[in-house]
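Worksheet: the structure to be examined is printed underneath.
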Amino acid sequence: MRAAVHTAANQPMRIEELADPVPRAGEVAIDVRSCGACHSDLHVLKGELPFPVPAVLGHEVAGVISEVGPGVTGLAVGDPVVTSFIMPCGQCAQCARGNEEICLRFFEFNRGKGRLYDDETRLFRPDGDAVWMYSQGGLAERCVTPATSVYRVPDGVELTDVASVGCSTMTAYGALRHAADLRVGDTVAVVAAGGVGSALIQLASVFGASMIIAVDISEEKLAGARELGATHVVNSAEVDAPAAIRELTGGRGVDVAFEALGAVPTFDVARDSVVEGGQVVVVGIAARGTAGEFDLATMARRKLQIKGSYGAKPRRDMPVLLDLVARGLLRPQDAISRRYAFDEAQEAYDALNRGEIIGRAVIDIG
């Protein structure tokens with residue numbers, strides 16, 4: 001099969017021929033149709049998130065099951081599916097507690113080593129050299145993943161429209177549902193209207209937020225945010241964003257501010273935009289060593305809540321999200337602004353790095 005292989009930080013990925021990966025017990029193989037271009041991949045490509053090389057990135061996968069490993073039930077060859085970027089082992093202490101978004105084995109084996117849970121990769125060059133896996137390694141014509149991360153796409157849903165559900169949409173859902181526990185009528189600010197920010201805006205509307213304020217430095221992204229459901233927009237390159245948010249909310253600030261980029265300036269805006277007792281939910285993945293600041297006295301006196309959120313709970317939440325898509329209440333395809341051919345995979349990430357992608361870019365592979 002062909003795969004886009006990452007070989008060194010700040011070097012272009014190159015298309016290589018790899019051996020077809022074979023599923024083992026509890027796993028499935030997927031013929032990939034499309035894969036979303038995510039900022040987390042970009043952090044790896046730039047060396048901001050340490051990861052072994054050579055590696056195949058890509059963790060927003062939509063495709064068709066081509067092979068089922070021993071012990072897999074409920075999935076069959078030919079099923080159209082999407083994957084969650086978190087691949088819960090279902091066995092560790094965190095999974096047992098219902099916290100599969102922070103599955104211990106996922107972080108130890110996959111995020112730490114680029115392997116699956118037998119401590120081995122499924123990807124190899126023709127000469128037998130190992131190639132490591134970032135989640136599924138979906139920037140390839142075929143990938144292998146634990147069945148715990150695979151979900152059948154409902155009938156009538158276009159497969160290539162839903163690749164991003166397993167990462168940006170699931171990440172947004174986890175932040176809204178589990179971290180913030182957003183309630184009908186709450187007011188929301190989404191700081192950074194990129195891929196995850198776009199999903200936060202869409203889902204905040206589904207959740208019944210009374211005001212959704214999108215904050216960004218790009219007028220084009222803010223225009224896209226309005227189309228996705230933002231009730232108000234603030235260009236933080238032109239105005240004092242926290243002051244503008246307080247003006248829009250009658251001086252009180254929002255109930256929840258979501259930081260959706262992973263950067264100090266966006267964290268500062270989110271931190272300074274919430275009402276007393278409000279929540280600041282950090283969703284964006286920052287480069288290692290990035291430090292935000294907050295005054296402890298102010299935090300205590302104003303009863304501010306600062307929370308981190310890393311995805312959702314795949315086995316509980318992915319069926320909910322796909323049901324919302326099937327019923328037309330959630331339209332992830334509306335956030336897709338660019339599509340690239342497989343040979344253009346590096347161009348997708350270059351455009352993402354330049355801040356040119358509105359919403360989500362998708363790489364069509366099969």
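Every condition in (1) open to solvent by 10 Å² or more (accessible area, probe 1.4 Å); (2) closer than 21 Å to residue 183 by Cα; (3) touching a strand residue (DSSP E or B) at 6+ places or on another chain (Cβ under 8 Å) is met by residue 318 except one, and the failing one is (1). Quick test of your reading of the structure: residue 27 fulfils all but one of (1) surrounded by 22 or more Cβ atoms within 10 Å (Cβ to Cβ); (2) in contact with a His (Cβ under 7 Å, 6 or more places away or on another chain); (3) not polar (S, T, N, Q). Name the failing condition by number. Only one criterion is unmet by residue 27, namely (2). Residues being of a type in the set (Asp, Glu), within 27 Å of residue 362 (Cβ to Cβ) and in a loop (DSSP other than H, G, I, E, B) are entirely absent from the range 97-115. Among the numbered conditions (1) more than 18 Å from the chain's Cα centre (by Cα); (2) surrounded by 20 or more Cβ atoms within 10 Å (Cβ to Cβ), the only one that residue 329 does not meet is (2). Taken across the range 118-130, residues that are outside the structural domain of residue 78 (by the TED database) and within 30 Å of residue 69 (Cα to Cα) do not occur at all. In this structure, is residue 142 surrounded by 15 or more Cβ atoms within 10 Å (Cβ to Cβ), under 27 Å from residue 8 (Cβ atoms) and basic (Lys, Arg)? Yes: the conditions hold for residue 142. Scan the range 13-62 residue by residue and report those that are under 20 Å from residue 351 (Cα atoms), in contact with an Asp or Glu (Cβ under 7 Å, 6 or more places away or on another chain) and in a strand (DSSP E or B). Selection gives 15, 34, 35, 36.
Just checking, does the range 108-115 include any residue being open to solvent by less than 40 Å² (accessible area, probe 1.4 Å), closer than 14 Å to residue 27 by Cα and not hydrophobic (A, V, I, L, M, F, W, C)? No, the conditions are met nowhere in the range 108-115.
Using the structure shown, decide if residue 164 is under 18 Å from residue 100 (Cα atoms), under 11 Å from the mean Cα position of the chain (by Cα) and at pLDDT below 95. No; evaluated as a whole, the condition is false for this residue.
Listed here are the residues, each with its yes/no results for (1) in a helix (DSSP H, G or I); (2) touching a Lys or Arg at 6+ places or on another chain (Cβ under 8 Å).
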| position | (1), (2) |
| --- | --- |
| 306 | no, yes |
| 316 | yes, no |
| 323 | yes, no |
| 329 | no, no |
| 334 | yes, no |
| 340 | no, no |
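Do we have any residue at all in the range 224-239 that's under 16 Å from the mean Cα position of the chain (by Cα), hydrophobic (A, V, I, L, M, F, W, C) and part of a helix (DSSP H, G or I)? Taking every residue of the range 224-239 in turn, none turns out to be under 16 Å from the mean Cα position of the chain (by Cα), hydrophobic (A, V, I, L, M, F, W, C) and part of a helix (DSSP H, G or I).
Of all residues in the range 95-112, those that are in contact (Cβ under 8 Å) with a residue 24 or more places away in the chain and in contact with a helix residue (DSSP H, G or I) (Cβ under 7 Å, 6 or more places away or on another chain) total 3.
Would you mind finding the one in 204, 199 that is within 27 Å of residue 362 (Cα to Cα), out of contact with any strand residue (DSSP E or B) (no Cβ under 6 Å at 6 or more places or on another chain) and surrounded by 21 or more Cβ atoms within 10 Å (Cβ to Cβ)? Outline the logic, then answer.
Values: 204 fails: out of contact with any strand residue (DSSP E or B) (no Cβ under 6 Å at 6 or more places or on another chain).
Answer to the check: 199.
Here the condition is being under 16 Å from residue 133 (Cα atoms), open to solvent by 30 Å² or more (accessible area, probe 1.4 Å) and of a type in the set (S, T, N, Q); of 7, 83, 73, it holds for 7 alone. Which of the residues belonging to the range 334-357 are open to solvent by 50 Å² or more (accessible area, probe 1.4 Å) and within 20 Å of residue 172 (Cα to Cα)? Result: 334, 337. Here the range 53-70 is the region considered, the condition is being among the β-branched types (Val, Ile, Thr) and in contact with a His (Cβ under 9 Å, 6 or more places away or on another chain), and the residue that is surrounded by the fewest Cβ atoms within 10 Å (Cβ to Cβ) is 53. A search for C-beta distances below 8 Å between a residue of the range 237-264 that is surrounded by fewer than 20 Cβ atoms within 10 Å (Cβ to Cβ) and any residue that is assigned to a helix (DSSP H, G or I), counting only pairs 6+ apart in sequence or on different chains, returns 252/246.
Each row is one residue, and each column tells you yes or no for (1) part of a loop (DSSP other than H, G, I, E, B); (2) in the same structural domain as residue 334 (by the TED database); (3) under 24 Å from the mean Cα position of the chain (by Cα).
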position	(1), (2), (3)
245	no, no, no
251	yes, no, no
257	no, no, yes
276	no, no, no
285	yes, no, yes
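The values are calculated or read from the model by the stated rules, or taken from the named source; none is laboratory data. Being a predicted model, the structure only gives us computed values, none of them experimental. FYI the Cβ positions are ideal-geometry reconstructions off the backbone, even for glycines, and counts take in every protein chain you see. Areas reflect the complete protein model, heavy atoms only, side chains present, ligands, DNA and RNA absent. Shrake-Rupley method; radii C 1.70, N 1.55, O 1.52, S 1.80 Å.
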